1. In the list Leu43, Leu54, Leu8, which residue meets the criterion of being over 17 Å from Glu163 (Cβ atoms), touching a Gly at 6+ places or on another chain (Cβ under 6 Å) and within 14 Å of the ligand (Cβ to nearest atom)?
2. Enumerate the strands (runs of 3 or more DSSP E) found wholly within the range 21-114, keeping only those where 3 or more residues are open to solvent by less than 10 Å² (accessible area, probe 1.4 Å).
3. Starting from the range 1-22, take each residue that is within 12 Å of Leu134 (Cα to Cα) and list its partners that are within 16 Å of the ligand (Cβ to nearest atom) and open to solvent by 10 Å² or more (accessible area, probe 1.4 Å), counting only C-beta distances under 8 angstrom and pairs at least six apart or across chains.
4. Restrict the check to the range 124-132 and report whether at least one residue is of a type in the set (Phe, Trp, Tyr), within 15 Å of the ligand (Cβ to nearest atom) and at negative phi.
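The values are calculated or read from the model by the stated rules, or taken from the named source; none is laboratory data. Because the structure is predicted, anything quoted here is derived from the model rather than measured. Note that we place each Cβ from the backbone using ideal geometry, even for glycine, and neighbour counts take in every protein chain shown. Note: accessible area is taken over every heavy atom of the protein model, side chains too, but ligands, DNA and RNA are not part of it. Shrake-Rupley method; radii C 1.70, N 1.55, O 1.52, S 1.80 Å.
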Amino acid sequence: MKKRVLVLAPHTDDGEFGCGGTIAKLIAEQTEVFYAAFSVCELSIPSHLPKNILETEVKNATSVLGIRNENLKIFHYEVRTFQSFRQQILDDLVNLKTETRPDLVLMPSPHDIHQDHSTIGLEGIRAFKQISILGYELPWNNLTFHTQSFVFLKEEHLNKKIEALRCYESQSDRVYANESFIRSLAITRGTQIGVPYAEAFEVIRWIIE
Ligand SMILES: [Zn+2]
């Protein structure tokens, strides 16, 4: 079983949406989980809110999932500009690999069409090609998604995911930021494998020791 897991979130909250239940489950099983967010999207924050509100919210959300504060790394790339900083992002990922020594990396699916997500997905495969990699699901950004791998979730893991996403009050007007959507997707993925709840992943690399 995997002992050290690194989650790559292009923007704060992508990791919670894509694999928040899995993170909660891994932590309950004593796995060391690291979370790297590459943007706090300062240019997308409504003017009446503090520019760094997503930094506060990601700290709270990852803490709800059980990620230790010292395992949270925040970079400050501007939203929708990642392609212009491709090499710098690759260097950051290589440094993250040295710092965290993961045996599993969770990142956006190669079928994710958001420009920042696809930069993290591509550079992530370059940086972590010798390590197991699973691509997480964000249905509003995936033109297609191969449900090749599943993580069973218990009610308590799903509840932690929902609670973590509630920390993003500045993002609460997005259509997918609601409990019934999150719960329905977990039920859909669980139904595919005959359990109450699951999260699905694409297998990008899988290494068996
Ligand atoms: Zn994102």
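1. Just one listed residue meets the conditions, Leu8.
2. On the way: elements: 32-37, 72-74, 104-108.
By residue number, 32-37, 104-108.
3. Gly18/Glu137
4. Scanning the range 124-132 turns up no residue that is of a type in the set (Phe, Trp, Tyr), within 15 Å of the ligand (Cβ to nearest atom) and at negative phi.
Residue-by-condition table, conditions (1) over 25 Å from Cys41 (Cβ atoms); (2) assigned to a helix (DSSP H, G or I); (3) open to solvent by less than 60 Å² (accessible area, probe 1.4 Å); (4) not basic (Lys, Arg):
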{"site": "Arg126", "(1), (2), (3), (4)": "no, yes, no, no"}
{"site": "Gln130", "(1), (2), (3), (4)": "yes, no, no, yes"}
{"site": "Trp140", "(1), (2), (3), (4)": "no, no, no, yes"}
{"site": "Phe152", "(1), (2), (3), (4)": "yes, no, no, yes"}
{"site": "His157", "(1), (2), (3), (4)": "yes, yes, yes, yes"}
{"site": "Glu163", "(1), (2), (3), (4)": "no, yes, no, yes"}
{"site": "Asp173", "(1), (2), (3), (4)": "no, no, no, yes"}
{"site": "Ile187", "(1), (2), (3), (4)": "yes, yes, no, yes"}
{"site": "Thr191", "(1), (2), (3), (4)": "yes, yes, no, yes"}
